[in-house]
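The values are calculated or read from the model by the stated rules, or taken from the named source; none is laboratory data. Note that the coordinates shown come from a computational prediction; the quantities given were computed from them, not determined experimentally. Ideal geometry is used to build each Cβ from the backbone, glycine not excepted, and the neighbour counts take in all protein chains shown.
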Amino acid sequence: MRKTYSKLFHLKNQLIRLFDNELIKVISILILMWLVGAIGILILESKNQPDFNSLKNTLWWTIVTMTTVGYGDMSPQGDYSRLFATFIMLTGIGISGLFTASISSIFVTKKIREGRGLENIKSINHIVICGYNPNLEMILDFIIKSYNNEFPIVLINDLSEDDINSILSKYSKIDIKYVKGDHSRESILEKANIKNAKSVMVLTDDTDINGDQKTILSTLTIKNMNTELRVIAQVSNRENITHLRRANVDEIIINDKFETFMTASHILDPGVPQALYQLIDENSLHRFQSKSIPENFIGKTFDDLSKYLRDKNGWICIGLFLEEEKMGINDFLSADTSSLDAFIERKLKEAGHSLKNESKVSVMINPKADHIINKGERIIIIP
C-alpha cells in the first residue's frame with residue numbers, strides 16, 4: 001500500500017512539474033480549444049449540414065479556422081454557428097501567437113543560458129580549457145589551426161559576461177561552449193561533461209598568488225573523475241611540479257620558462273627566436289607538426305623514413321615521439337601480497353607517489369640514421 005501511495009505521489013509531482021512548463025500550458029489550451037471548437041460546431045451545425053455531422057470533419061474545420069487558413073470547403077450557416085466560429089477564430093489567433101512566442105522563448109532562453117555558461121554540455125570527445133590567462137586566445141587559435149574544428153572546445157572560467165562574450169563572438173564560427181564557475185569544483189566539471197572529454201588543459205592565473213594551488217586542486221579533481229583523461233597543467237612556480245606529478249598529470253608546462261628562454265635568445269642567439277616563432281606560429285606554413293608513420297616503415301630505419309617523406313612531400317623530419325606506458329610500482333611487487341609488499345605500497349601512498357601506470361610522451365630529437373622505427377612512434381616534421 002505504501003508503495004502504491006509513493007508511486008501516486010511521485011506521479012502527481014511529475015504532472016505538476018510538467019504543467020508548470022509554459023509551453024505545455026499553451027499546448028494544453030490549444031488542444032482543449034480544438035476539442036471545444038470541434039464538439040461545439042458539431043452540436044450547432046450537424047442538423048443543418050451533412051459536412052458537420054462527424055467529429056472527424058469538425059476537427060478538421062476547427063483547426064483550419066483556428067489557424068485562420070480558411071480553405072472554404074466547409075462553412076457554418078446558422079447565426080449561432082457563425083458567432084461561435086468567430087469566437088474560435090479570435091481565440092485561435094491568440095493561442096497560435098502564444099504558441100509561437102513560447103517556442104521562440106525556449107530557444108532564446110537556451111541561447112542566453114549558454115552565453116552565461118549555465119547550460120550542461122552534451123558534447124563528447126571535446127577539449128576542455130579550465131581557467132584564464134592572457135595566453136587563452138593564442139591557445140584557441142593554435143587548437144583551431146591544428147585540428148580544423150574537428151573537436152568541440154569547452155571553456156570553464158569565472159570571466160565577466162562582457163569578457164566571455166567578447167571571446168565567444170570572436171570564435172563564433174567554431175564549436176565553442178562555455179561553463180561559468182570554479183573549475184576546481186566537481187559539480188562545475190560535471191556540467192562540462194568532463195568524463196567524456198578528449199583532453200583537458202588547466203591554465204594558471206599568474207595574477208593570483210594562489211593560482212598554482214587552484215591548478216593542483218583542479219587536476220586532482222579531474223583525475224579523480226576520469227583517471228584515463230589526458231590532462232595538461234600549467235604552473236607559474238617550479239616548486240609545484242612535484243605536487244602535479246603526484247596528481248598523475250600527463251604534461252606540465254612552466255608558465256614563464258619559454259618566455260625567459262626567448263628573451264635571453266634575442267641577446268645571446270639572434271635569429272634563433274625568430275626561427276622558433278615561425279616553427280610554432282599557427283599561421284606559419286612551416287609550423288611543427290606530428291604525423292603518423294606508414295605501417296610499412298615499422299622496423300625500417302629513421303634515415304629510410306626521412307628520405308621517403310622528403311622526396312614525397314618535401315618534409316624535413318626532425319624527430320620522433322612515443323606516448324609510452326611507464327611501469328607502476330605494482331609491476332614490481334610480487335603476485336602474493338606479502339607483508340613487505342604491503343609495507344612498501346603503504347609507504348609510497350603516504351609519500352604521495354602514484355601506484356598506477358603513467359602515460360608520458362618521450363621525444364627523440366634528431367635520432368641516429370640507423371634508429372629502428374618502432375610501433376606506436378610518430379614523426380615530428382617541418383613542412
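So which residues in the stretch 181-224 are part of a helix (DSSP H, G or I), among the aliphatic types (A, V, I, L, M) and over 24 Å from E239 (Cα atoms), if there are any at all?
Matches in the stretch 181-224: I188, L189, I194.
Testing R287 on (1) under 21 Å from N366 (Cα atoms); (2) surrounded by 14 or more Cβ atoms within 10 Å (Cβ to Cβ); (3) at pLDDT below 80, one condition comes back false. Which one is that?
Here R287 clears every test but (3).
Only one of (1) under 48 Å from the mean Cα position of the chain (by Cα); (2) surrounded by 13 or more Cβ atoms within 10 Å (Cβ to Cβ) is not met by N57, so which one is it?
(1)
Report yes if Y5 is at pLDDT 75 or above, part of a helix (DSSP H, G or I), farther than 26 Å from A101 by Cβ and among the aromatic types (F, W, Y), otherwise no.
Criteria not met by Y5.
For the stretch 291-314, what are the residues that are closer than 13 Å to I380 by Cβ and surrounded by 14 or more Cβ atoms within 10 Å (Cβ to Cβ)?
Scanning the stretch 291-314 gives K291, I293, F302, L305, S306, L309.
Any residue in the stretch 236-254 that is out of contact with any helix residue (DSSP H, G or I) (no Cβ under 6 Å at 6 or more places or on another chain), in the same structural domain as P134 (by TED's automatic domain parsing), more than 30 Å from S362 (Cβ to Cβ) and of a type outside the set (F, W, Y)?
no
Can you tell me how many residues in the stretch 159-180 are charged (D, E, K, R), at pLDDT 85 or above and not in a helix (DSSP H, G or I)?
Final tally of qualifying residues: 2.
Can you name the condition, by its number, that F321 falls short on among (1) at pLDDT 90 or above; (2) within 24 Å of L244 (Cβ to Cβ); (3) of a type in the set (F, W, Y)?
All conditions pass for F321, except number (1).
Looking at this structure, is T65 within 23 Å of I27 (Cβ to Cβ), in contact (Cβ under 8 Å) with a residue 24 or more places away in the chain and surrounded by 13 or more Cβ atoms within 10 Å (Cβ to Cβ)?
yes
Suppose we filter L42, L11 for residues that are modelled with pLDDT of 80 or more and of a type outside the set (S, T, Y); which single one remains?
Result: L42 is the single residue among L42, L11 that is modelled with pLDDT of 80 or more and of a type outside the set (S, T, Y).
Take the stretch 68-107 and flag every residue that is surrounded by fewer than 16 Cβ atoms within 10 Å (Cβ to Cβ), of a type in the set (S, T, Y) and over 53 Å from the mean Cα position of the chain (by Cα).
Y80
Might you check whether a residue that is at pLDDT 50 or above and under 20 Å from R230 (Cα atoms) occurs anywhere in the stretch 335-355?
no
Can you list residue pairs whose Cβ atoms sit under 6 Å apart, with the first residue in the stretch 228-255 being over 23 Å from I127 (Cβ atoms) and the second being modelled with pLDDT under 80 and assigned to a loop (DSSP other than H, G, I, E, B)? Count only pairs 6 or more apart in sequence or on different chains.
If the second residue must be modelled with pLDDT under 80 and assigned to a loop (DSSP other than H, G, I, E, B), the pairs left are R246/G352.
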